[in-house]
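**Student:** Dumping the structure here so I can ask a few things about it.
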Amino acid sequence: MKALVTGISGFVGSHMAEFLLHQGVEVVGTIRNRSRMDHISHLRKDIRLAECELRDPFSVETLIGQEKPELIFHLAAQSFVPTSWNSPIDTIHNNVAGQVNLFEAVRRFELPAKIQIACSSEEYGQVEPEETPIRETNPLRPLSPYAISKVAQDYLGYQYFRSYGLHVVRTITFNHTGPRRGENFVTSNFAKQIVDIEKGRKAPVIHVGNLEAKRDFTDVRDVVRGYWLALEKGQPGENYNIASGTCYTIAEMLNTLLSFSNVDIEVQTDPSRLRPSDVQILLGDYRKFNEATGWKPEIPFERTMQDLLQYWRSQ
Ligand code: GDD
């Protein structure tokens, strides 16, 4: 069995590759010439890497024609919400064109591949408190260019299934974190700041944005197991929430991290970390996915937070 992982050098891609290798699957991953390789350096002898620019149809067609994978985990994306405010067209083009090129290449070679696409709970956007926990039937009210790009990816998945019968499974993943999470994202950013304070590299002041927002965090290692199950047991064309079913304010998440450290800190709001509009609450209902695949989260939030701190302490 051969699997293609787009964005293999990224946070989720590297965990996906580890999971697939444990399943005995042959792993090929896409990188770009500017990709950082530190997340996958420990896997280099077990995986194959192919240079591929997903925005370039020729590049994607060449890759798909050569590799003909049976499974595709499409994880490559511009995934940081604030970047999408600064360069909206780039985010939309990157995320949407990359996926269209992938689908068209699969179609062109009539590849019977199963394709998982990484959609996002950001698509739900403005959620009213009475709408939680959020089901897949909830209206989409996206609040950022990033969210728009994910709505497009999501519905392209639906459309290519309906129009051409591509086996696309749409996973709608809520926030996920764990070791190797990029330092821009809130859990990793706060964990790194705490470790920098522990090591005396930074004054004991932690800079924060909106601490009131509520997020539903799942461990990345549970998420990649979910992506595998999505292709093993999920129905093509369907969308599935992958979530923990609990949520914390960002302030509570910060306090959890601090409870695993001895530092005394002052919290300071940094206005540059506030967003033009922030999704206030994301709390997911994963029953549909559980019924289809048996998946449920296994790693408790506290362990994820501890592992994240350990990751930064080891850097
Ligand atoms: N990044 C960041 N930095 N966020 C902060 C900070 C800070 O200093 N302080 C507060 N926050 C708040 C943000 O305003 C947001 O409400 C929340 O923390 C989470 O921010 P992120 O970690 O940047 O993630 P996100 O929720 O915007 O998006 C993540 O989850 C999506 C799924 O819902 C990303 O992983 C997306 O790629 C993913 O699709």
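**Student:** Residues of region 139-172 with the amide nitrogen closer than 17 Å to a label point 7 Å from the Cα of Ser277, along Cα-to-Cβ, please.
**Tutor:** 139-152
**Student:** Got a sec? What order do His207, His74 fall in by accessible area at 1.4 Å, biggest, i.e. largest, first? Can you show the working numbers first?
**Tutor:** Working: His207 60, His74 5 Å².
Sorted descending by solvent-accessible area, the residues read His207, His74.
**Student:** Where does each of His167, His39, His22 land when they are ordered by accessible area, with a 1.4 Å probe and the largest first?
**Tutor:** Details: His167 45, His39 25, His22 160 Å².
Ranked list, largest accessible area first: His22, His167, His39.
**Student:** Tell me, how many Å apart are the Cα centres for region 110-162 and for region 205-274?
**Tutor:** Result: 18 Å between the Cα centres.
**Student:** For the chain, what % of the accessible area comes from carbon and sulfur atoms, probe 1.4 Å? If you can, show how the numbers build up before the last one.
**Tutor:** Values: 6650 of 13590 Å².
The value for the chain is 49 percent carbon and sulfur by accessible area.
**Student:** If you average the sequence gap of Cα pairs under 8 Å that are 6 or more apart and divide by the length of the chain, what percent do you get for the contact order?
**Tutor:** Values: 620 pairs, mean separation 56.8, N = 315.
So the answer I get is 18 percent.
**Student:** Now for a different question. Just the number please: accessible area per residue for region 81-168, 1.4 Å probe, all protein chains included, in Å².
**Tutor:** In whole numbers, region 81-168 has 43 Å² accessible per residue.
**Student:** Could you tell me the calculated FRET efficiency between Gln310 and Ala50, based on Cβ-Cβ distance and R0 = 30 angstrom, to the nearest 0.05? Intermediate values should be presented prior to the final figure.
**Tutor:** Numbers: r = 32 Å, r/R0 = 1.07.
E between Gln310 and Ala50, to the nearest 0.05, is 0.40.
**Student:** For the chain, max minus min Cα coordinate along each principal axis, in Å, sorted largest first?
**Tutor:** Over the chain, Cα extents along the principal axes are 59, 47, 38 Å.
**Student:** Could you check the spin-label model distance between Arg303 and Tyr155? Points 7 Å from the Cα along Cα→Cβ, value in nm.
**Tutor:** The two pseudo-label positions are separated by 4.0 nm.
**Student:** Next up: Suppose each label sits 7 Å from its Cα in the direction of the beta carbon; what would the Ser41-Glu232 distance come out to in nanometres?
**Tutor:** 3.2
**Student:** Can you list the aspartates and glutamates whose alpha carbon is less than 19 Å from that of Lys296, not counting same-chain residues fewer than 8 positions off?
**Tutor:** By straight Cα distance, Lys296 reaches Glu136, Asp216, Asp219, Asp222, Glu232, Glu238, Asp285.
**Student:** Cα to Cα, under 22 Å, and not fewer than 8 places away if on the same chain: which lysines meet these conditions relative to Lys192?
**Tutor:** Correct list for Lys192: Lys202, Lys214.
**Student:** If you add up the charges near Ser261, with Lys and Arg at +1 and Asp and Glu at -1, over every other residue whose beta carbon is less than 10 angstrom from its beta carbon, what do you get? Mind dumping the intermediate values first?
**Tutor:** Details: positive: Arg313; negative: Glu198, Asp264.
Within the 10 Å Cβ shell, the charges total -1.
**Student:** Per-residue accessible area for Lys233 at 1.4 Å probe radius, Å² rounded to 10?
**Tutor:** 100
**Student:** With a 1.4 Å probe and all protein chains left in place, how much accessible area per residue does region 229-283 have, in Å²?
**Tutor:** Details: 2720 Å² over 55 residues.
Heavy-atom accessible area per residue stands at 49 Å².
**Student:** Remind me, relative contact order of region 77-145 in percent, using alpha carbon pairs under 8 angstrom and six or more residues apart?
**Tutor:** Details: 40 pairs, mean separation 24.8, N = 69.
So the answer I get is 36 percent.
**Student:** So, one more: Would you work out which of Leu211, Tyr146, Ser188 lies farthest towards the positive end of the dipole of region 118-232? Charges go on Cβ: Lys and Arg +1, Asp and Glu -1.
**Tutor:** The residue sitting farthest along the positive end of the dipole is Ser188.
**Student:** Spin-label point model (7 Å from Cα, Cβ direction): what's the Lys68 to Ser259 distance in nm?
**Tutor:** Once both label points are built, they end up 5.4 nm from each other.
The values are calculated or read from the model by the stated rules, or taken from the named source; none is laboratory data. Note that the structure is a prediction, hence the values are computed from the model and not measured. Please note: Cβ atoms are built from the backbone with ideal geometry, for glycine as well, and neighbour counts cover all protein chains shown. Ligands, DNA and RNA are excluded from the accessible area calculation, which covers all protein heavy atoms including side chains. Shrake-Rupley method; radii C 1.70, N 1.55, O 1.52, S 1.80 Å.
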